[in-house]
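Trainee: Please see the structure below; I have some questions.
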Amino acid sequence: MKIQPKNKRNLLKAALGEIPSDLCIQNVKLVNVITGEIYPANVFVYEGMIAHVEYQDLTKDLDKAKEVLDAKGKYMIPGLIDAHEHIESSMMTPRNFARCVIPHGTTTVITDPHEIANVVGKRGVYYMHEASEGLPMRQLIDIPSCVPSVPGLENAGASFFAEDIAELAELDRAVGLAEVMDFLAVIHGEDRMMDIIDAMDKKGYYLQGHAPYLSGRMLSAYLCGGPKTCHESRTGQEGLEKLRDGMFVDARESSITKNIEDIWKGIKDVRFFDHLCLCTDDREADDILHKGHMNDVVRCAIAYGMDPVLAIKSATFNTAREINIENLGAIAPGYVADMLLVDDLTELKPSHVFFGGQLVAKDGQLEVPVEEKTYPLEKENTVVVKPLTIQDFTIQAPIDNGTCKVNVMVYKDLKLSSTLLETIELSVKDGVVQLQDTSLKYVAVINRHKGHDTIGLGIVKGFGTTTGALASTVSHDCHNLTVVYDTPENALLAANALIRCGGGMSAVKENELLYVLELPLAGLMSLKPAEELAKDNQKMKEANRILGLTEMENPLLRIVTLALPVIPNVKMSDLGLVDVNAKQLIPLFA
């Protein structure tokens with residue numbers, strides 16, 4: 001796959017100096033991510049492509065450009081590429097997301113719109129594509145492979161099959177198949193997943209993977225099935241094994257999970273890093289505004305000990321190779337002119353951001369407007385739930401009074417989204433299971449999609465809240481209405497608040513509504529710009545802390561992976577407790 005110039009013959013003439021280039025950026029310290037060198041250069045741009053890089057005589061041919069910009073010795077690096085991103089997880093629309101990340105130097109994202117696809121199906125993918133048209137950045141789309149993430153273990157708002165994937169693959173900016181989360185379906189060659197993979201193989205697109213904790217023959221089988229990347233590596237040993245097996249490791253630094261430091265410790269002594277990439281996966285507006293986007297990810301990698309040029313290469317050239325785009329991610333003749341000027345390779349605060357040779361941001365501010373547009377889906381309420389009662393949040397025991405053994409989902413760490421299964425003995429009063437200490441909470445996953453009335457009830461240990469109810473319609477990946485609570489009364493109040501506003505997050509303590517973060521677009525995204533949304537996010541974080549989540553740096557997204565049945569070992573869904581590795585439901589009572 002190659003990004004084609006507007007007029008190749010004229011580009012050749014500009015390369016030869018027979019016609020003037022549009023722009024020459026002189027006096028740069030060019031970071032060459034192909035050779036690993038840094039050297040003085042002048043860079044000539046014609047119609048969005050790099051026509052020539054002069055590094056032998058820096059006084060030569062300056063008259064062969066319509067405009068000359070003196071970089072005054074700043075470093076020039078390629079525009080940053082996010083290897084794996086869910087724009088919905090920023091809680092912003094594609095256009096507001098672009099306004100937020102471009103000044104930080106992100107010029108390309110590979111986005112997986114499976115969040116909105118699980119809510120409204122193909123309409124959601126078409127919306128994300130249409131809403132990202134004509135932006136001063138490149139939002140490339142991987143077609144969602146897992147809608148729902150694991151059929152039979154949860155109910156989503158849609159189901160995708162091979163014919164749906166083939167249809168969506170015709171979108172202009174489609175480049176691959178999004179993370180194949182149902183790794184067991186790949187490993188065991190299940191028909192639906194094999195058909196989906198075959199549909200994308202026929203297009204020649206790359207297959208994005210999702211292989212948490214896979215190792216040995218299981219990992220080999222997954223790779224033989226076709227997926228070639230993974231952003232779910234959490235340990236150095238896991239990252240090393242995947243690199244050795246030829247997999248692209250997309251080391252992640254998100255608002256939820258931070259893996260780069262541990263991965264780097266495990267792989268730093270290998271000789272070649274061509275298959276190491278960097279990604280954000282899920283990063284919310286407040287983090288992007290105040291910390292950065294891919295520039296912050298690269299900055300973190302450098303702080304953990306990675307060489308600055310390698311870290312930059314892992315967020316540019318390597319990622320372009322991963323997605324099979326030949327002329328993206330480097331500064332060389334024939335490549336797309338996505339470039340940043342920075343004063344310092346460890347700080348990575350761009351003074352100039354060029355996209356397709358055009359200056360799109362300067363000193364942290366956009367230089368080109370992002371046109372305001374509205375779409376019908378942005379006005380639709382997608383939270384469709386039957387009227388709820390206290391009984392919907394009450395766990396009825398198989399006995400009237402006494403004790404019973406209950407299967408419980410257990411978090412061992414506030415930093416990780418992985419969970420374990422424990423069986424504990426709980427008291428029963430008047431037929432209702434009682435909680436015995438503040439580390440235990442009830443959990444309800446309420447299907448909020450048209451045509452389903454299912455509610456899964458369970459108990460979670462170590463979630464982090466000590467009181468009240470926390471509710472969210474951001475709940476990967478089916479995004480059902482998920483509530484973690486101490487009493488059914490608090491849960492009902494929190495759930496109804498979200499049903500009324502069309503989705504989002506809410507917090508309740510002692511029958512008082514503390515805050516509602518409204519996310520009316522598919523129950524996932526706000527229509528507000530980043531600056532306003534970040535303020536709302538801060539209020540929601542404070543409400544989470546009031547409920548007991550005081551030890552987490554960013555408690556906003558704690559709840560969002562509780563119902564994700566592709567992250568081992570145990571998760572909840574609207575059908576009940578799920579054994580992720582066995583792909584089966586677990587009875588609540590042991």
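Trainee: Would region 176-291 count as rounded, prolate or oblate if I go by the C-alpha gyration tensor, calling it rounded below 1.5 in a/c and otherwise prolate when a/b exceeds b/c, oblate otherwise?
Mentor: Oblate.
Trainee: Now for a different question. Just going by the charge dipole of the chain, with Lys and Arg at +1 and Asp and Glu at -1 on Cβ, which of S145, H275, I567 is farthest out on the positive end?
Mentor: H275
Trainee: Return the FRET efficiency for the residue pair T423, N401: r is the Cβ-Cβ distance, R0 is 22 Å, and the value is rounded to the nearest 0.05. Could the numbers behind the result be given before it?
Mentor: Working: r = 20 Å, r/R0 = 0.92.
Once the sixth-power term is evaluated, E becomes 0.60.
Trainee: Now for a different question. How would you rank 241-254, 454-467, 542-555, highest first, on the average number of other Cβ atoms within 10 Å across their residues?
Mentor: Per-residue mean Cβ counts within 10 Å order the peptides as 241-254, 454-467, 542-555.
Trainee: Determine one quarter of the surface area of the Cα convex hull of region 384-518, which equals its mean projected area, and express it in nm² to one decimal.
Mentor: Computing the convex hull of the Cα atoms and averaging its projections yields 8.2 nm².
Trainee: While we're here: Of the listed values [x] 221; [y] 136; [z] 161, grab the one calculated as volume of the Cα convex hull per residue in Å³ from the structure here.
Mentor: [y]
Trainee: Treating only the Cβ of Lys, Arg, Asp and Glu as charged (+1, +1, -1, -1), what charge dipole size does the chain show about its Cα centre? Round to the nearest 20 debye.
Mentor: Around 380 debye, computed over the chain.
Trainee: Considering lysine pairs in region 475-577 that are 8 or more places apart or on different chains, how many have Cα atoms under 20 Å apart? All intermediate terms of the calculation are to be shown ahead of the outcome.
Mentor: Values: K509/K539; K509/K541; K528/K539; K528/K541.
Eligible lysine pairs with Cα atoms under 20 Å apart amount to 4.
Trainee: Looking at the chain only, what percent of DSSP beta bridges run antiparallel? Nearest 5 please. Could the numbers behind the result be given before it?
Mentor: Details: 75 of 105 bridges.
Roughly 70 percent of the DSSP beta bridges within the chain come out antiparallel.
Trainee: Right, next: What 222 nm value per residue comes from the helices of the chain, counting each DSSP H run with n ≥ 4 as -39,500 (n - 2.57) and dividing by all residues, nearest 500 deg cm²/dmol?
Mentor: On the way: 16 runs with 145 residues, N = 590.
After summing the helix terms and dividing by residue count, I get -7000 deg cm²/dmol.
Trainee: How big is the gap, in Å, between the Cα center of region 152-223 and the Cα center of region 311-353?
Mentor: 28 Å
Trainee: Of K72, K268, which has the most accessible area and how do the rest follow, probe 1.4 Å?
Mentor: The ordering from most to least exposed comes out as K72, K268.
Trainee: Take each of the peptides 301-312, 400-411, average the number of other beta-carbon atoms within 10 Å over its residues, and list them starting from the highest.
Mentor: 301-312, 400-411
Trainee: Taking all protein chains in place and a 1.4 Å probe, what share, in percent, of the accessible surface of the chain do carbon and sulfur account for?
Mentor: Details: 10540 of 21490 Å².
Its accessible area is 49 percent carbon and sulfur atoms.
Trainee: Rg and Dmax of region 263-348, using alpha carbons, in Å: what are they?
Mentor: Rg then Dmax for region 263-348, in Å: 13.4, 37.
Trainee: Let me ask something additional. If I take R0 = 51 Å and measure r between the Cβ atoms of T394 and N7 in this structure, what FRET efficiency does the formula 1/(1 + (r/R0)^6) give, to the nearest 0.05?
Mentor: 0.15
Trainee: Tell me the label-point distance for the pair H188, Q237, using the 7 Å Cα-to-Cβ offset, in nm and rounded to one decimal.
Mentor: 2.6 nm
Trainee: Given L547, A582, A530, which one lies farthest toward the positive end of the charge dipole of region 512-585, if we put +1 on the Cβ of every Lys and Arg and -1 on the Cβ of every Asp and Glu?
Mentor: Going by the Cα projections, it comes out as A582.
Trainee: When all protein chains stay in place, what accessible area (Å², nearest 10, 1.4 Å probe) is found for D453?
Mentor: We get 100 Å² for D453.
Trainee: What percent antiparallel are the DSSP beta bridges of region 1-68, to the nearest 5?
Mentor: Antiparallel: roughly 85 percent of the beta bridges in region 1-68.
Trainee: Continuing with this model, one more query. Between the DSSP loop rule and a limit of at most 16 other Cβ atoms within 10 Å, which GluC sites (Glu not before Pro) in region 486-516 are left? Provide the component values of the computation, followed by the final result.
Mentor: Values: sites: E489, E510, E512; in loops: E510.
Sparse-neighbourhood loop GluC sites (Glu not before Pro): E510.
Trainee: Express in Å², to the nearest 10, the accessible area of R99 obtained by rolling a 1.4 Å probe over the protein heavy atoms while all chains stay in place.
Mentor: Using a 1.4 Å probe on the heavy atoms, I get roughly 50 Å².
Trainee: Across bins of 10 angstrom width beginning at 0, how are the C-alpha pair distances of region 541-590 distributed, in whole percent?
Mentor: 26, 34, 30, 10
Trainee: Let me ask something additional. Between E163 and E380, what length comes free when the chain is fully extended (0.36 nm per residue of separation minus the Cα-Cα distance, one decimal in nm)?
Mentor: 75.5 nm
Trainee: Rounded to the nearest whole Å², what accessible area per residue is found for region 1-95 with the 1.4 Å probe?
Mentor: Each residue of region 1-95 exposes 45 Å² on average to a 1.4 Å probe.
Trainee: Next question, about the same structure. Would you rank F317, F97, F161 by solvent-accessible area, highest first, keeping every protein chain in place and using a 1.4 Å probe?
Mentor: Putting F317, F97, F161 in descending order of accessible area: F161, F317, F97.
The values are calculated or read from the model by the stated rules, or taken from the named source; none is laboratory data. Note that the structure is predicted; figures quoted are calculated from it, not measured. Glycine gets a Cβ as well: all are built from the backbone with ideal geometry, and neighbour counts include every protein chain shown. When the accessible area is computed, the model is the full protein with side chains, heavy atoms only, and any ligands, DNA or RNA have been set aside. Shrake-Rupley method; radii C 1.70, N 1.55, O 1.52, S 1.80 Å.
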